[in-house]
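As structure tokens, the structure follows; a few thoughts come after it.
The values are calculated or read from the model by the stated rules, or taken from the named source; none is laboratory data. Not measured: the values here are computed from a predicted model. Don't worry about glycine lacking a Cβ; one is built from the backbone with ideal geometry, like all the others, and counts go over all protein chains shown. Please note that ligands, DNA and RNA were not included when accessible areas were found on the heavy atoms of the full protein model with its side chains. Shrake-Rupley method; radii C 1.70, N 1.55, O 1.52, S 1.80 Å.
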Amino acid sequence: MSTSTLTRTRFPSSLLVAVGLAAGFGVAQGTGVRALGGAVLLACGVGAAALWVRRRGWAVAVGLGLLYLAAFVLAHVLALGVGLNAWLAVALVTLAAAGGTFGVADRGETDAAASSAP
């Protein structure tokens with residue numbers, strides 16, 4: 001599915017955020033290749049950013065991009081610095097980042113789709 005197709009549909013960017021953080025970690029841990037997990041994180045982040053720019057503009061895209069990166073860093077801080085289980089840390093930051101993204105970038109999209117449904 002191309003980015004232009006995702007933009008025209010009501011595809012939630014928050015789903016890309018959740019997949020990028022959780023699946024990126026899962027791929028890195030499962031394969032033992034951190035760069036591969038990073039590639040998943042990056043690909044989902046770029047896809048989400050493209051949707052944010054087209055739907056909400058650069059200011060929102062930069063803010064949400066910083067949220068995405070902060071969630072990635074915070075997962076490491078919670079797991080390595082605080083001592084939480086790694087999967088719990090990733091789950092917490094994924095929920096927060098995807099929820100924040102939904103509220104800022106996707107909520108209006110789903111409200112518009114619901115109101116235009118027959």
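Contact annotation: residue pairs with Cβ atoms under 9 Å, 6 or more positions apart or on different chains, pairing a residue in the stretch 95-114 that is within 15 Å of ARG55 (Cβ to Cβ) and modelled with pLDDT of 95 or more with a partner that is surrounded by fewer than 15 Cβ atoms within 10 Å (Cβ to Cβ) and among the hydroxyl-bearing types (Ser, Thr, Tyr), are PHE102/THR110. Among residues of the stretch 60-73 that are free of Cβ contacts under 8 Å to residues at least 40 places away in the same chain, those with a beta-carbon under 6 Å from a residue that is of a type in the set (Phe, Trp, Tyr) and open to solvent by less than 20 Å² (accessible area, probe 1.4 Å) at least six positions away or on a different chain give the pairs ALA61/TRP52.
When VAL60 is tested against (1) surrounded by fewer than 18 Cβ atoms within 10 Å (Cβ to Cβ); (2) out of contact with any Phe, Trp or Tyr (no Cβ under 8 Å at 6 or more places or on another chain); (3) part of a helix (DSSP H, G or I); (4) at pLDDT 95 or above, exactly one condition is not met: (2). Can you spot a residue in the stretch 21-43 that is assigned to a helix (DSSP H, G or I), under 22 Å from GLY103 (Cα atoms), open to solvent by 60 Å² or more (accessible area, probe 1.4 Å) and in contact with a helix residue (DSSP H, G or I) (Cβ under 7 Å, 6 or more places away or on another chain)? Taking every residue of the stretch 21-43 in turn, none turns out to be assigned to a helix (DSSP H, G or I), under 22 Å from GLY103 (Cα atoms), open to solvent by 60 Å² or more (accessible area, probe 1.4 Å) and in contact with a helix residue (DSSP H, G or I) (Cβ under 7 Å, 6 or more places away or on another chain).
Summed over the stretch 35-69, the residues that are of a type in the set (A, V, I, L, M, F, W, C) and under 16 Å from ALA22 (Cβ atoms) give a count of 10. Looking at the stretch 90-109, can you tell me whether even one residue there is surrounded by fewer than 17 Cβ atoms within 10 Å (Cβ to Cβ) and of a type in the set (Val, Ile, Thr)? No, the conditions are met nowhere in the stretch 90-109.
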